[in-house]
Amino acid sequence: MKEEFLQAIDEHQGIILKVCRMYCSDNSDAEDLYQDILLALWKAWPKFRRDAKISTWMYRVGLNQAISRLRNSKRNVPRESLNFVHDTIPANEQNRLDIQFDKELQTAIAALGRFDRALLMLYLDEKTYREIAEILGVSESNVGVKINRIKKQLKEKIKP
Amino acid sequence: MELDELKARWQQESEKNIDINNQSMEQLETILRQKTSSTLGHIKEKYKGIISYLMVGLLLNIIVSPFLHFLLGDEGPVFRLTFNGLFALVTFLTLGLIVVFFYWLKYSAFNTEVADTDVRTTLEQKIRALRRSLRHELTLIIGIFISIFIIGRASSQYLGNGSFSDIFRKDILLSLGAGVLILIFYIVKRVKAYNSYIRKLEEYLAEFEDKGSF
């Protein structure tokens, strides 16, 4: 089980990084979310039914984690920052993330809601509407409507 | 920038980010250890907070108590440190310092480090230690409360302010009731805090037991 889990994470860890990139604005925040998602995946692994694709499952768990984290932070619940963790255990440089945040993308998504960010991320990843619907647990038609709305919003934001 | 350009950049930069941040999954255990350690660190910080509050409380008591008679209007607008007042102050400070010392012992003895070798055993030890610590704390709090009551009554009798057994006076019953309420409030707060830490550590432990040690 251990090997299987490690392999799955190793193959698809890009998904976690993408979620971090979409939902965080700096590396410290991203490291914290990266850890939270890893733990959530670890906890959810025994319940993962192999009938779904691993990537779909990872997107689902990762996005759930990111969205609920954002919700908690908006409720002003103080979170233990990663700096605090680093105070107690010397940081291992190899563990540190160095995510390149795209400023234009950050500006464009700033006004998007939590759920819309997930939709945009999957759209940018060229997922089909069916896959997006499966990951987010909504209908395909709903995905289409929402994506069109997001596209319009973004076009306004990223006018050349 | 067009939407298609944004998509292309997203994908290109995602690839780049994966290359830069490709993590070894062997570090998963390190992550769990960090989370555990941060929980333990949080408990230790709480002890520090309690000590600070107690010290401020004691200091305020030292400053305010000589003026109590003045504030209560018993002695008129004159500062006077009476023997009775001094006696009460010293008694209160002694009990307060015992509580401070108890928390200081807990704070200094609390180890937040989680051993690299066996996280499971460390978690089990920490959970046991927390349960023991809760028992100690409850015993001390209740003990201090009973002591304050007994010393209060004994000093009243010694200073000629009423008999030791004379506890059915309105003022004594009122202060006893208020004290019991504060005691219950504090106990509930501490039990809740301990239980939440214990639950968090038990969750981590359950993960190990579910899947075997990583």
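Things to note:
- Our coupling estimate for the stretch A:59-70, obtained by passing each phi through the Karplus curve with A = 6.51, B = -1.76, C = 1.60 and θ = phi - 60°, is 4, 4, 5, x, 5, 4, 4, 5, 5, 5, 5, 5 Hz, Gly and Pro reported as x.
- Inter-label distance, nm, simple model (7 Å from Cα along the C-beta direction), B:Val180/A:Lys47: 4.4
- Whole-Hz ³J(HN,Hα) from phi, Karplus 6.51 cos²θ - 1.76 cosθ + 1.60, for the stretch B:7-13, glycine and proline x: 5, 4, 5, 4, 5, 4, 6
- When the stretch A:102-160 is reduced to its Cα atoms, the Kirkwood hydrodynamic radius in Å: 11.7
- Additional length obtainable on full extension of the chain from B:Ile63 to B:Asp166, 0.36 nm per residue less Cα span: 34.0 nm
- Take the Cα of B:Ile146, step 7 Å toward its Cβ, do the same at B:Ser52, and the gap between the two points is 3.3 nm.
- Per-residue 3J(HN,Hα) values for the stretch A:113-123, derived from phi via the Karplus relation 6.51 cos²θ - 1.76 cosθ + 1.60 with θ = phi - 60°, read x, 4, 6, 5, 5, 5, 4, 5, 4, 5, 5 Hz in sequence order (x marks Gly and Pro).
Where a number appears in this text, it was derived from the coordinates with a stated rule and is not lab data. Keep in mind the model is a prediction, meaning the values are calculated, not measured. Neighbour counts run over all protein chains shown; Cβ positions are idealised from the backbone, glycine included.
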